[in-house]
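Here the structure comes first, spelled out in structure tokens, and everything after it is commentary.
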């Protein structure tokens, strides 16, 4: 039985990371057997080995079968090259340690060159962890810091100005410190390393803290099952304000209003003083103890609603707009496993974590949301977050998956603006004697060049890219071919030319036949990352300055 305590008795503490020596007073106590409650991972090889590149490379998107069928029947042509040339950067295996073998990722927040990930344990055990992941090098993410909690689940995480804030649950019966089961903690982090020498904690009523959000100078925490939404001072975690709810799951902020998702009622909009301004009543089954999230999208709010998918509502009026359905329903999935657990918004992109239904991508254009398809990932997708050029997807035992959107930079878009946008087949062929030049951001199945082709933008190729005799392929921007477990090649045949300015990643071999030419333009910022081998026949040549990422040249 898990006990609770009113948030009115919330109090705070700062604890030494060693937990071996601490003073006691009326204001401060310590964990019993405290040295066992917080453990920092010191084995760098264990952190390094948690990163897997086995499936790194080009990701396909399985498009909405109904939309695809309509398009094919109208055009009578092969599938067009698709938008969103995504790549899988790497997978991060969940942390494991003694008595902590069943951890699963629960939340991630992205800031600059780092991702911060929280973990918990399904079931009655209170076990959690935090990872800090360096994503400054898109080809080589690294886990730089890891902390294990042996008496706390961690359900949500936020970052602000050098500090991580985590919310979760603690077994208060196993600790003289935890006065309630819902906790929030503030941990300093610098250069990818957590400093556990001075952690500040606060506790509030509720079965488990479910979400945390930094809003200006405050920390807002929700707790479920007879819990509260509580506003803390960001500096010392002193409680400033509170409002009780039946079963809170998530909190969102659009710059002026706070929105909370209550599984017993729906969405409530709050002002800065936590007064309820208006509500949206939602009768969906949000499940018991299940993670559900919400996010603002332009003038709407998107709510993860389990088997219904994502509900879209007008944020100002509360009126229902539409349901974005789950696009797939795998034959082997258990009933109840295909549910929308979480949603994330990145500009005009809406991502839905649909459990066994995978991670779906939709786009919002002209005040309507249209499904693009399901991203080719393994595992059951339980949570998704996206910021900048990255998507982070939590997929249970398959770990955390880092996906790159490969959006062209503004400077690249500007340099490409005089070229026509690409619109053509995903199996694209340039005929002999033809000269083609395009801008854009597309994913191809294959490219065959018999004439001349210039691509300016961001591109992926699922299968082979071949430049036939005397053909010319020029690429300005980013291009990725193949993936580690499905390696594909670039073949530059006799007398042909491959000219690169930007980033070229080949998950396979680069083959230069007799008389073939590879030219790199610009300075050393041009990157050639070849996972396989570079094969150079007699008479072939490589010129220019570039970064040989894997030392294959």
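In table form, for the structure just shown:
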{"read-out": "Residue ID - farthest from residue 401 (Cα to Cα), chosen from residues in region 118-153 that are in contact with a helix residue (DSSP H, G or I) (Cβ under 7 Å, 6 or more places away or on another chain) and not in a strand (DSSP E or B)", "value": "151"}
{"read-out": "Strands (runs of 3 or more DSSP E) wholly inside region 154-254 that include at least 3 residues being closer than 29 Å to residue 144 by Cα and either touching a residue at least 12 places away in the same chain (Cβ under 8 Å) or more than 23 Å from the chain's Cα centre (by Cα) (or both)", "value": "163-170, 182-190, 193-204, 208-215, 218-224, 248-253"}
{"read-out": "Hits in region 421-436 - residues which are out of contact with any strand residue (DSSP E or B) (no Cβ under 6 Å at 6 or more places or on another chain) and assigned to a strand (DSSP E or B)", "value": "425"}
{"read-out": "Answer residue from region 299-329, given it is exposed (fewer than 14 other Cβ atoms within 10 Å of the Cβ) and either assigned to a loop (DSSP other than H, G, I, E, B) or not assigned by TED's automatic domain parsing to the domain that holds residue 379 (or both) and is modelled with the lowest pLDDT among those", "value": "329"}
{"read-out": "Residue count, region 95-110 (criterion: at pLDDT below 90 and either assigned to a loop (DSSP other than H, G, I, E, B) or over 24 Å from residue 290 (Cβ atoms) (or both))", "value": "6"}
{"read-out": "Leading residue by the ranking (nearest to residue 340 (Cα to Cα)) among those in region 274-297 that are surrounded by fewer than 13 Cβ atoms within 10 Å (Cβ to Cβ) and in contact with a strand residue (DSSP E or B) (Cβ under 7 Å, 6 or more places away or on another chain)", "value": "281"}
{"read-out": "Region 235-248 - residue that is farther than 20 Å from residue 164 by Cα and out of contact with any helix residue (DSSP H, G or I) (no Cβ under 8 Å at 6 or more places or on another chain) and, of those, surrounded by the fewest Cβ atoms within 10 Å (Cβ to Cβ)", "value": "246"}
{"read-out": "Residue 470 being in the same structural domain as residue 425 (by TED's automatic domain parsing), surrounded by fewer than 18 Cβ atoms within 10 Å (Cβ to Cβ), modelled with pLDDT of 95 or more and over 23 Å from residue 60 (Cα atoms)", "value": "yes"}
{"read-out": "Subset tally (residues that are crowded, with 23+ Cβ neighbours inside 10 Å and in a strand (DSSP E or B)) for region 341-360", "value": "10"}
{"read-out": "Filtered residues of region 437-467 (kept if within 22 Å of residue 534 (Cα to Cα), in a strand (DSSP E or B) and either under 25 Å from the mean Cα position of the chain (by Cα) or not assigned by TED's automatic domain parsing to the domain that holds residue 506 (or both))", "value": "459, 460, 461"}
{"read-out": "Residue among 525, 541, 505 that alone is over 24 Å from residue 436 (Cα atoms) and either free of Cβ contacts under 8 Å to residues at least 12 places away in the same chain or in contact with a strand residue (DSSP E or B) (Cβ under 6 Å, 6 or more places away or on another chain) (or both)", "value": "541"}
{"read-out": "Strands (runs of 3 or more DSSP E) wholly inside region 504-549 that include at least 3 residues being under 22 Å from residue 458 (Cβ atoms)", "value": "517-520, 527-530"}
{"read-out": "Residues within region 75-94 that are modelled with pLDDT of 90 or more and under 22 Å from residue 360 (Cβ atoms), tallied", "value": "13"}
{"read-out": "Residue check, residue 488 surrounded by fewer than 24 Cβ atoms within 10 Å (Cβ to Cβ) and either modelled with pLDDT under 95 or part of a loop (DSSP other than H, G, I, E, B) (or both)", "value": "yes"}
{"read-out": "Any chance residue 114 is more than 18 Å from residue 399 (Cβ to Cβ) and touching a residue at least 40 places away in the same chain (Cβ under 8 Å)", "value": "no"}
{"read-out": "Selected residue [modelled with pLDDT under 95, in contact with a strand residue (DSSP E or B) (Cβ under 6 Å, 6 or more places away or on another chain), farther than 23 Å from residue 128 by Cα and buried (at least 20 other Cβ atoms within 10 Å of the Cβ)] from 263, 180, 259", "value": "263"}
{"read-out": "Residue 271 under 22 Å from residue 299 (Cα atoms), surrounded by fewer than 17 Cβ atoms within 10 Å (Cβ to Cβ) and modelled with pLDDT under 95", "value": "yes"}
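The values are calculated or read from the model by the stated rules, or taken from the named source; none is laboratory data. Note that the structure is predicted; figures quoted are calculated from it, not measured. Backbone-built Cβ (ideal geometry, glycine too); neighbour counts: all protein chains shown.
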